[in-house]
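Asker: Below is one structure. I have some questions about it.
The values are calculated or read from the model by the stated rules, or taken from the named source; none is laboratory data. Keep in mind that this is a model prediction, so the values were computed, not measured. Cβ: placed from backbone, ideal geometry, glycine included. Neighbour counts: every protein chain shown.
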Amino acid sequence: MNLDQMAYLIALKQAPTLSQAARNLNISQAGLSQSLDNLESELGIKLFTRTRNGTQPTKAGEKIIGHAQKIETQLRMMQKLADQQKQVAEPPLRIGVTNDVPSSLFNWLLEFQDSEPQFKAYLKEADSTQIIAGVKNNDYDVGIVAINTAEQRVLKSLEFREIGRGEFKLYMATSHYLANSPDPIPLELLKEQEFALFIDDDITKFVDAVAIENGPLNITVQSSSSRVILEAMRKFQAVSVIRDAQMHNCLNDFEQQSLVEHTLGELGSDLSRTFKYGIIQLPGKHLTPVQEAFISGIKPLDEL
């Protein structure tokens, strides 16, 4: 006895003839007849009476068909439930990330997906201003941002969980003539340097603030590529302003070892060069339990 035979019994009861039932089932009449014979033989009872006028269930057949109909109802319910589960499959978590998010975030993503294979994440790199706007507009479910201490007011209406702190530092190649100078390097010497800077909204704001306080910097290279910035520093003795967390968490070890870090001294104010890193989202934002577990598992930078 199998599920196909249950469907055959129901079709035979609903159709006036065996041939019509076979057409409804899209099988051959001979195949349907043989299946019915096999089932009757297996059960040891007659299920249908076949005459010139059609096929009629026996009393025993009526009872068996009643059970078959219950089975079919259960199967439809199971299929409906399965379809519903497909529709509520775990949606991807949309995350806006800054370009200095530590590589450990990706390690955590791989680790989490090993234990929760249904979890998916969509990561898009953008600057903090874009990410904040995206979270407020529901383009991102959550964001990971670096917020200038002087501009934390932009987080109004958003939840913020701090995961670390950082600040702008001055970086130069180990071959630079100021590499071994004691901190702070005099402002006059810093103003003489050629600067290679990342294209970044916070760096732009910092440079604008420096221009107001100390006069414009001599910027010769601007790029979103770390390779371009590093080459300018190595080959042309340019210096750069980079967040220390970006340097320590994102660049490869061999890149870090080829650079020297200095404080900015009198270049810019403390408020314009210090940052908080955090996870932002709208208050009451609905996330699935799996998504919540992933976010809560993101570790503070000082624990990495």
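Asker: Among the residues that make up the range 171-193, is at least one of them closer than 26 Å to LEU105 by Cβ, surrounded by 15 or more Cβ atoms within 10 Å (Cβ to Cβ) and not aliphatic (A, V, I, L, M)?
Answerer: Yes, the conditions are met somewhere in the range 171-193.
Asker: Yes or no: GLN256 in contact with a helix residue (DSSP H, G or I) (Cβ under 8 Å, 6 or more places away or on another chain), assigned to a helix (DSSP H, G or I) and modelled with pLDDT under 95?
Answerer: yes
Asker: Which numbered condition in (1) of a type outside the set (D, E, K, R); (2) in contact with a helix residue (DSSP H, G or I) (Cβ under 8 Å, 6 or more places away or on another chain); (3) within 20 Å of ALA60 (Cβ to Cβ) is the only one that ALA22 fails?
Answerer: Here ALA22 clears every test but (3).
Each row is one residue, and each column tells you yes or no for (1) over 30 Å from PRO91 (Cα atoms); (2) modelled with pLDDT of 95 or more; (3) of a type in the set (S, T, N, Q); (4) in a helix (DSSP H, G or I).
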position: LEU264; (1), (2), (3), (4): yes, no, no, no
position: GLY268; (1), (2), (3), (4): yes, no, no, no
position: LEU271; (1), (2), (3), (4): yes, no, no, yes
position: TYR277; (1), (2), (3), (4): no, no, no, no
position: HIS286; (1), (2), (3), (4): no, no, no, no
position: VAL290; (1), (2), (3), (4): no, no, no, yes
position: PHE294; (1), (2), (3), (4): no, yes, no, yes
position: ILE298; (1), (2), (3), (4): no, no, no, no
position: ASP302; (1), (2), (3), (4): yes, no, no, yes
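Asker: GLY143 versus (1) surrounded by 15 or more Cβ atoms within 10 Å (Cβ to Cβ); (2) out of contact with any Asp or Glu (no Cβ under 6 Å at 6 or more places or on another chain); (3) closer than 21 Å to LEU259 by Cβ: which is the lone unmet condition?
Answerer: Of everything listed in (1) surrounded by 15 or more Cβ atoms within 10 Å (Cβ to Cβ); (2) out of contact with any Asp or Glu (no Cβ under 6 Å at 6 or more places or on another chain); (3) closer than 21 Å to LEU259 by Cβ, GLY143 misses just condition (3).
Asker: Ok, one more. Look at the range 214-248 and say how many of its residues are closer than 25 Å to VAL145 by Cα, touching a residue at least 24 places away in the same chain (Cβ under 8 Å) and among the small types (Gly, Ala, Ser).
Answerer: 5
Asker: Quick one: ALA211 ticks every box in (1) under 19 Å from SER258 (Cβ atoms); (2) without any contact (Cβ under 8 Å) to a residue 40 or more places away in the chain bar one, so which box is it?
Answerer: For ALA211, the failing item is (1).
Asker: Can you work out which of the residues in the range 143-175 that are of a type in the set (A, V, I, L, M, F, W, C) and at pLDDT below 85 is nearest to ILE203 (Cα to Cα)?
Answerer: Let us first name the residues in the range 143-175 that are of a type in the set (A, V, I, L, M, F, W, C), namely 144-147, 150, 154-155, 158, 160, 163, 168, 170, 172-173.
From what is left, the residues that are at pLDDT below 85 are 150, 154.
Numbers: ALA150: 13, VAL154: 17 Å.
Residue satisfying both the conditions and the ranking: ALA150.
Asker: Considering every residue within the range 119-128, establish whether at least one is assigned to a helix (DSSP H, G or I), among the aliphatic types (A, V, I, L, M) and buried (at least 19 other Cβ atoms within 10 Å of the Cβ). Before the answer, list the steps.
Answerer: Taking the range 119-128 first, the residues assigned to a helix (DSSP H, G or I) are 128.
The next check asks that each one be among the aliphatic types (A, V, I, L, M); those that pass are none.
The answer is no, given that none of the residues of the range 119-128 is assigned to a helix (DSSP H, G or I), among the aliphatic types (A, V, I, L, M) and buried (at least 19 other Cβ atoms within 10 Å of the Cβ).
Asker: Does ALA232 qualify as being in contact with a strand residue (DSSP E or B) (Cβ under 7 Å, 6 or more places away or on another chain), over 19 Å from ARG273 (Cα atoms) and not aromatic (Phe, Trp, Tyr)?
Answerer: Here the answer is yes, as ALA232 does meet what is asked.
Asker: Hey, ILE242 hits all of (1) over 30 Å from ASN107 (Cα atoms); (2) in contact with an Asp or Glu (Cβ under 9 Å, 6 or more places away or on another chain); (3) among the β-branched types (Val, Ile, Thr) but one; which does it fall short on?
Answerer: Only one criterion in (1) over 30 Å from ASN107 (Cα atoms); (2) in contact with an Asp or Glu (Cβ under 9 Å, 6 or more places away or on another chain); (3) among the β-branched types (Val, Ile, Thr) is unmet by ILE242, namely (1).
Asker: Output the number of the condition that SER157 fails; it satisfies all remaining conditions of (1) closer than 20 Å to SER272 by Cβ; (2) in contact with a Leu (Cβ under 8 Å, 6 or more places away or on another chain); (3) of a type outside the set (A, V, I, L, M).
Answerer: (1)
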